[in-house]
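The values are calculated or read from the model by the stated rules, or taken from the named source; none is laboratory data. This one's a predicted model, so the numbers in the text were calculated from it and none came from an experiment. So basically every Cβ, Gly included, is an ideal-geometry build from the backbone, and we count neighbours across all protein chains shown. Heads up: the accessible areas ignore ligands, DNA and RNA and are worked out on the full protein's heavy atoms, side chains in. Shrake-Rupley method; radii C 1.70, N 1.55, O 1.52, S 1.80 Å.
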Amino acid sequence: MELYLYIIFHFITTIKLGVETTRAEYLLCFHLCAENLLVLTVATKQTEGFQRFRRSAQFFNYKVQGGDDQQPAGGGQKVRLLKSALKQYVDKEDLIILFVESYDVLFASGPTELLKKFKQAKSKVVFSAENYIYPDRKLEAKYPRVRDGKRFLGSGGFIGYAPNLKKLVEEWKGQDNDSDQLFYTSIFLDPEKRESINISLDHRSRIFQNLNGALDEIVLKFENSQVRARNLLYDTLPVVIHGNGPTKLQLNYLGNYIPQIWTFETGCTVCDEGLRSLTGFKDEALPMILIGIFIEQPTPFLSQFFLRLRNLHYPKQRIQLFIHNHEEHHLMEVDSFVEEHGKEYLTVKVIGPEDEMENAEARNLGMDLCRKDPDCDYYFILWYDRHEKLWSNFWGALSPDGYYARSEDYVDIVQRRRIGLWNVPYISSVYMVKAKALHLELDQGDLFHSGKLDADMAFCHNVRNQGVFMYLTNRHQFGHILSLENYQTSHLHNDLWQIFSNPEDWREKYIHENYTAALKGKLIEMPCPDVYWFPIFTDTACDELVEEMEHYGQWSTGDNTDSRIQGGYENVPTIDIHMNQIGFEREWYKFLLDYIAPITEKLYPGYYTKTQFELAFVVRYKPDEQPSLMPHHDASTFTINIALNRVGIDYEGGGCRFLRYNCSIRAPRKGWTLMHPGRLTHYHEGLPTTKGTRYIAVSFLDP
């Protein structure tokens, strides 16, 4: 087993240590000659934490050399390696050495400020200080009292002259797993040794900031395209930030900004690093992606999801699918997709409700499929969950008990006021995992169980415990997450009722693709005076609304007597079903307000509608039932009349004639609406339907 002591250096060199051991141990140097400074750290594994440490060092013009993956280092081992390394510097009286941790440390400033603050301390050795005493609370009484600042020694960072540091560690004779903190504390608490070595603590966090016990003291300071961690309690700007104890996640948060990772002036400065362009690759050379799709509860717009999946701009022969469908309600949609399109993909594996596989087990299986497939490069996982207005697929922070807490930047990230790449403690619903990570750090078979935690939290807990960082990017809008709130499965076409909970998906599925053009004044026709004609519904919207009405089936008789309306009498009756009969009145009003009102205000300048209505209904015309409608005025300020099926295909005849203008519209287009004044000027009639069945959706607005 090889163990490494990393020394950050300006020129790279490797020295074999002359220590009596059966293990080979290497010293890697990082030397800033101009400042007569060495920065030493111990690392036995190149974790993402170490890479962050190295990045922060390189930002301040240091170069770092790493080592191979090995077992974790113990506290005593750090002292032993430091003691060995210092032997060659014993005669260099002016050499200053900084010793810090690496996995949970980052630099916030450069060596000039570091050395200046060290020399201002007027001690030969300066240790970091913290609020908590560790590991032996019984030693508290022996600590010198301080008027201002932190009282207790922290061994995660110290700086001193080489001869003094050699004297500090020369008595070390402990084991590798002994406590380095206790060793250094015992020396500091010995008045003679403290004075002899000339040791002090950085009480006011001018050089070192230990985060444990001090989170309330720290804020980010943005100024002149730079960002620092500021200690509010002492009004200091520490050079070295240490996420000691249970503060690793808070260090991750600071590391999203420091050093100059993100500022208000520059935005994200690292987002383009390591990007892999796929341009020019042949299909067979592109990464193999396993997409895991988890349908764990009744889910709206699943058909739209499968449509988007099919339309992904990526070769299907480089995509494998794993579908876990837990819901009987979605069996038909899943089976239909697999039957019609499954052969287009490299492989498709489906676990259905009949398999009775619980969610965490299914998610583990999906990970394992990629882990065991040597051709799998990435695992892309998708599932739905419930959410509220500002809900997203990440948490910016965790509470002390490990649950959700809102970070200072959460809302800005969700609303894309801060755009970048963010190290976060919790992700869910949609993320991609490198297969390499599944083979190495995440090679355990069960990532989705941990005590009483749910599957999402268990996964993130296990990933964090392995030292793997979870990142999210909000640089591009790849899509959005559905809300499952208030999703009912009691209707024939349940998505119709989702205009409030999932308005974007509702619009995509049900609003005509040319509606936006109509809103801009294009594609609006006027076939008769003051009668406007424009696209509003997709074919799907028309079909589902008709099917929903036929499924309900309780059509009126077409008599003048009608108990559904106020007064119980209809002067011009039709065979119809009102929107409120199918529980769709509230959703219909939302549709009118969002999509009809904006166009109304453009077409009738100076008139501002609230799209109030008393009557909104679907009419059915059939030759043997009610083929036409007598001339009449509508009880409205204006009326919309949406054609729900196709003339010449679904029916023949039909249309609308405006008598005053002797103007007829005999070929209404499916999904297009007529909009016309209701009272006084636009006396009209429904022309006879001679064959088939004609459906229209009518609303009398602002009666």
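Each peptide in 548-559, 644-655 receives the mean, over its residues, of other Cβ atoms within 10 Å, and ordering these scores from highest gives 644-655, 548-559.
If R₀ is 51 angstrom, what is the calculated FRET efficiency for the pair ASP539 and ASP136, using the beta carbon separation as r and rounding to 0.05? Calculated transfer efficiency: 0.10.
A simple charge model with +1 on the Cβ of Lys and Arg, -1 on the Cβ of Asp and Glu and nothing else charged puts the dipole of region 192-318 at about 400 debye relative to its Cα centre.
Express the relative contact order of the chain as a whole percentage, based on alpha carbon pairs under 8 Å and six or more residues apart in sequence.
The value is 8 percent.
Highest-first packing order for the peptide set 611-622, 258-269 is 611-622, 258-269, based on the mean count of other beta carbon atoms within 10 Å. Between SER277 and GLU344, the simple label model (points 7 Å from Cα in the Cβ direction) yields a spacing of 2.9 nm. Spin-label model, TYR403 to HIS633: label points 7 Å out along the Cα-to-beta-carbon direction sit 6.2 nm apart. Any idea which of ILE599, SER205, PHE53 is furthest toward the positive side of the dipole for the chain, if Lys and Arg beta-carbons carry +1 and Asp and Glu beta-carbons -1? So the residue we want is SER205. Taking 0.36 nm per residue of separation and subtracting the Cα-Cα distance, full extension of the segment from GLN554 to ASP594 would add 11.5 nm. For region 388-446, averaging the sequence separation of C-alpha pairs within contact (under 8 Å, six or more residues apart) and dividing by the residue count gives a relative contact order of 34 percent. Here's the picture: a label point sits 7 Å out from the Cα of ILE419 along the beta-carbon direction, and within region 266-282 the residues with their amide nitrogen under 15 Å of it are 266-272. Once the chain from ALA667 to LYS610 is taken as fully extended at 0.36 nm per residue, the excess over their C-alpha distance is 17.5 nm.
Here the chain exposes an accessible surface that is 49 percent carbon and sulfur, computed with a 1.4 Å probe and the other protein chains kept in place. The packing ranking of peptides 598-606, 163-171, 635-643, highest mean first, is 635-643, 163-171, 598-606, where packing means the average number of other beta carbon atoms within 10 angstrom of each residue. With the simple spin-label model, which puts each label point 7 Å out from Cα in the Cβ direction, the LYS316 to GLU504 separation comes to 2.6 nm.
Pairs LYS349/LYS590; LYS150/LYS248; LYS87/LYS434; LYS316/LYS452: which are spaced more than 31 Å apart, C-alpha to C-alpha? Each step should come with its number before you reach the end.
Working: LYS349/LYS590 40 Å; LYS150/LYS248 20 Å; LYS87/LYS434 43 Å; LYS316/LYS452 38 Å.
Over 31 Å Cα-Cα: LYS349/LYS590; LYS87/LYS434; LYS316/LYS452.
Straight-line cross-link partners of LYS436 among the lysines, defined as a Cα under 21 Å from its Cα and at least 8 positions apart when in the same chain: LYS45, LYS372. Available extension along the chain between VAL146 and ASP373 is 75.7 nm, counting 0.36 nm per residue and deducting the alpha carbon span. A 1.4 Å probe run over the protein chains yields, for the chain, 47 Å² of accessible area per residue, whole-number rounding. Between ASP235 and ARG679, what FRET efficiency comes out of the Förster formula 1/(1 + (r/R0)^6) with R0 = 56 Å and r the beta carbon distance, rounded to 0.05? Using R0 = 56 Å, I get an efficiency of 0.15. By the rule of a C-alpha distance below 14 Å, with chain neighbours fewer than 8 residues away ignored, the aspartates and glutamates paired with LYS509 are ASP495, ASP539, ASP543, GLU544. Taking amide H positions as modeled 1.01 Å from N, with prolines and chain starts lacking one, the residues under 5 Å from PHE152 and 5 or more places away or on another chain are GLU130.
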